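Below: one structure, written as structure tokens.
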Amino acid sequence: MTDHRAQVEELLADYRRSRDHLLTVQRELAAITESVSSRDGLVTATVGARGTLTGLELAAEAYRRYRPTELAEEIVRVTQAATIKALAGAGQVLSPALPRDTDPQALLLGTADLGVLAPDVPVEAEEESFENKSWVDRA
């Protein structure tokens, strides 16, 4: 009976370590921000770990220096540059927590092959799908 208790305690300890590690990763990801400014310093974009724009600073001079389409292009350019930096940082945070062959940046962008993350499930264990079956008797 004590062997089982020890196994349960070890499993609980493993679970707690994994949970704490995941919480740390989540906090580190939430703390990631990257900012990039235009060459002239008139436009600055700040993004979070997944490249979501969280801040945009436009100097008053930007409205005089750029035409509207040029200003829009500059905003997109600095936002993309900040996103690249943020994804690199997020990838460094995520890498140790992911399986060996998983691309953390692809995971953040939603383009990862998640088959790498899921264990192989035997075909007979999968649930039968009735999506493409007709319930109408075609006699």
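Each of residue 27 and residue 63 was given a label point 7 Å from its Cα along the Cα-to-Cβ line. The distance between the two points is 4.2 nm. Residue farthest toward the positive end of the dipole of the range 8-112, with Cβ of Lys/Arg at +1 and Asp/Glu at -1: which of 35, 68, 83? Positive-end residue among those listed: 68.
Let me check I've understood the local charge: for residue 108, count other residues with C-beta under 15 angstrom from its C-beta, Lys and Arg +1, Asp and Glu -1. What total comes out? Please report the intermediate quantities before stating the final value.
Numbers: positive: 50, 85; negative: 28, 34, 103, 113.
After counting each charged neighbour, the total is -2.
Database remark: amide H of residue 54 closer than 5 angstrom to the amide H of 46, 47, 48 (H placed geometrically; neighbours at sequence offset of 5 or more, or on other chains; Pro and chain starts carry no H). Using a Förster distance of 35 Å, how high is the FRET efficiency between residue 19 and residue 80, based on the Cβ-Cβ distance and rounded to 0.05? According to the calculation, E is roughly 0.50.
Express in % the proportion of alpha carbon pairs of the range 8-112 at distances exceeding 17 Å. The share of Cα pairs beyond 17 Å in the range 8-112 comes to 60 percent.
The numbers here are math on the coordinates, done by the rules we state, and not lab data. On a predicted model such as this, the values are computed, not experimentally measured, just so you know. Please note: Cβ atoms are built from the backbone with ideal geometry, for glycine as well, and neighbour counts cover all protein chains shown.
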